[in-house]
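A.B. asks: I am attaching a structure below and will ask some questions about it afterwards.
The values are calculated or read from the model by the stated rules, or taken from the named source; none is laboratory data. Just so it is clear, the model here is predicted, and its values are computed rather than measured. Because the Cβ atoms are built from the backbone with ideal geometry, glycine has one as well, and the counts that use them run over all protein chains shown. Side chains are part of the model used for accessible areas, which takes the heavy atoms of the whole protein and leaves out ligands, DNA and RNA. Shrake-Rupley method; radii C 1.70, N 1.55, O 1.52, S 1.80 Å.
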Amino acid sequence: MSNLTTFSYFILGAYLNAGTLQYFYFTITALLYFVIVFLNTSLIVIICVNRSLHEPMYMFLCSLFVNELYGSTGLFPFLLIQILSDIHTISVPLCFLQIFCVHTYGSVEFSNLAVMSYDRYLAICSPLHYKTKMTSNNTAVLIIVVWVCCSVKINIHIALNLRLTPCGNVLNSLYCQNYPVVKLACSDTQVNNIYGVFDIFLSLVVPLLPVLFSYMRILQVCFFGSKEARQKSITTCTPQVVSLLNFSFGACFEMFQSRFDTTSLPSALRLFLSLYFLMMQPILNPIMYGIQMSKIRNVYKHVLCSKMSCRCSKA
């Protein structure tokens with residue numbers, strides 16, 4: 001880390017002077033974070049506690065909800081502090097910790113959705129072989145491989161960044177990201193750029209292959225299968241498709257913004273879109289899956305009804 005000791009902190013230059021509105025923004029952001037924590041934690045607890053939900057699909061969902069909490073916690077507490085602060089700085093170690101959290105979140109999210117699409121492909125297109133292929137051990141291995149591989153990839157990014165010599169310490173963003181830090185370097189960044197392209201291939205193209213294959217096969221079932229098979233396919237795959245499209249939109253804009261000049265866009269829109277995949281995805285997923293998945297919905301109803309009956313009996 002010797003090269004980075006030139007600066008002990010980074011300045012986040014994307015924050016606007018909100019004046020007295022900072023307390024309003026703080027309240028909205030804190031409320032949003034509370035909703036994210038409540039929704040995702042409640043679904044994690046429901047899946048872990050109820051044995052009827054100990055199936056591969058719900059285990060992958062549990063991993064997805066854990067990732068939503070992980071990514072949100074990597075952003076929101078820091079964001080809340082910055083909103084109330086007059087000086088928007090972050091220490092170098094904390095900046096790299098945030099880079100690790102945010103980028104690992106994005107990589108795990110897309111990989112987890114790819115694994116879930118393959119799981120749905122097996123369940124819909126090969127139902128007779130589903131239980132033998134998607135065992136509890138295989139499910140655990142897939143989840144662990146996703147988290148470990150994504151963590152290793154981001155650690156390589158950080159290791160490559162630590163060898164750079166920065167010329168400045170002003171990041172034109174609301175939080176720490178990998179590529180804006182690379183752009184501050186005076187030293188040669190060719191290795192970083194080559195690995196960045198390789199990582200994009202691993203993080204986007206490789207997971208996209210099973211996604212396209214799985215949903216193409218599922219679409220065949222929808223067009224040529226029975227009405228019951230078609231209904232099952234639509235019910236189980238709609239939340240995943242919506243989640244995948246929503247996350248892809250937010251993540252692609254953020255990658256585009258970090259590499260190209262987007263100053264022509266209104267500043268408020270630019271700031272909102274830069275936070276989109278970290279704010280909207282953790283809210284959208286638990287709401288969609290909680291409403292769409294009948295087993296989760298029924299457990300919710302059972303818990304609410306039991307609480308209401310307990311209150312009535314006490315009264």
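A.B. asks: Of these, Tyr118, Tyr58, which one is more than 22 Å from Phe277 (Cα to Cα), touching a helix residue (DSSP H, G or I) at 6+ places or on another chain (Cβ under 6 Å) and open to solvent by 20 Å² or more (accessible area, probe 1.4 Å)? Give the steps one after another, and end with the answer.
C.D. replies: Details: Tyr58 fails: open to solvent by 20 Å² or more (accessible area, probe 1.4 Å).
Of Tyr118, Tyr58, the one residue that is more than 22 Å from Phe277 (Cα to Cα), touching a helix residue (DSSP H, G or I) at 6+ places or on another chain (Cβ under 6 Å) and open to solvent by 20 Å² or more (accessible area, probe 1.4 Å) is Tyr118.
A.B. asks: What residue, among those in segment 121-154 that are open to solvent by 50 Å² or more (accessible area, probe 1.4 Å) and of a type in the set (A, V, I, L, M), is farthest from Cys62 (Cα to Cα)?
C.D. replies: At the first step, the residues of segment 121-154 found to be open to solvent by 50 Å² or more (accessible area, probe 1.4 Å) are 127-129, 131-133, 136-138, 141-142, 144-145, 147-149, 152.
So of that shortlist, the ones also of a type in the set (A, V, I, L, M) come out as 128, 141-142, 144-145, 148, 152.
Working: Leu128: 25, Val141: 14, Leu142: 13, Ile144: 13, Val145: 15, Val148: 16, Val152: 22 Å.
Filtering first and then ranking leaves Leu128.
A.B. asks: Of everything in segment 42-74, what is of a type in the set (S, T, N, Q) and not in a helix (DSSP H, G or I)? Give them in sequence order.
C.D. replies: Filtering segment 42-74 for residues of a type in the set (S, T, N, Q) gives 42, 50, 52, 63, 67, 72-73.
Listed by number, the list holds a single entry, Asn50.
Yes or no, residue by residue, for (1) more than 16 Å from the chain's Cα centre (by Cα); (2) open to solvent by less than 30 Å² (accessible area, probe 1.4 Å); (3) more than 22 Å from Trp147 (Cβ to Cβ):
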site	(1), (2), (3)
Cys186	yes, no, yes
Gly196	yes, yes, no
Met216	yes, no, yes
Cys222	yes, yes, yes
Arg230	yes, no, yes
Thr235	yes, no, yes
Arg270	yes, no, yes
Asn285	no, yes, no
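A.B. asks: Please work out if Leu212 is open to solvent by 50 Å² or more (accessible area, probe 1.4 Å) and within 20 Å of Phe110 (Cβ to Cβ).
C.D. replies: Details: open to solvent by 50 Å² or more (accessible area, probe 1.4 Å): yes; within 20 Å of Phe110 (Cβ to Cβ): yes.
Yes; evaluated as a whole, the condition is true for this residue.
A.B. asks: Continuing with the same structure: Counting only residues that are among the small types (Gly, Ala, Ser) and either modelled with pLDDT under 85 or in contact with a Cys (Cβ under 9 Å, 6 or more places away or on another chain) (or both), give me the helices (runs of 4 or more DSSP H) lying completely in segment 165-280 with at least 1 of them.
C.D. replies: Working: elements: 178-183, 190-200, 206-224, 227-259, 267-279.
Where helices (runs of 4 or more DSSP H) fall fully within segment 165-280 and carry at least 1 residues being among the small types (Gly, Ala, Ser) and either modelled with pLDDT under 85 or in contact with a Cys (Cβ under 9 Å, 6 or more places away or on another chain) (or both), they are 206-224, 227-259, 267-279.
A.B. asks: Going through segment 20-34 one residue at a time, which ones are surrounded by 14 or more Cβ atoms within 10 Å (Cβ to Cβ) and under 19 Å from the mean Cα position of the chain (by Cα)?
C.D. replies: So in segment 20-34, the residues surrounded by 14 or more Cβ atoms within 10 Å (Cβ to Cβ) come out as 22, 25-26, 29-30, 32-33.
Within segment 20-34, Thr29, Ala30, Leu32, Tyr33 meet the criteria.
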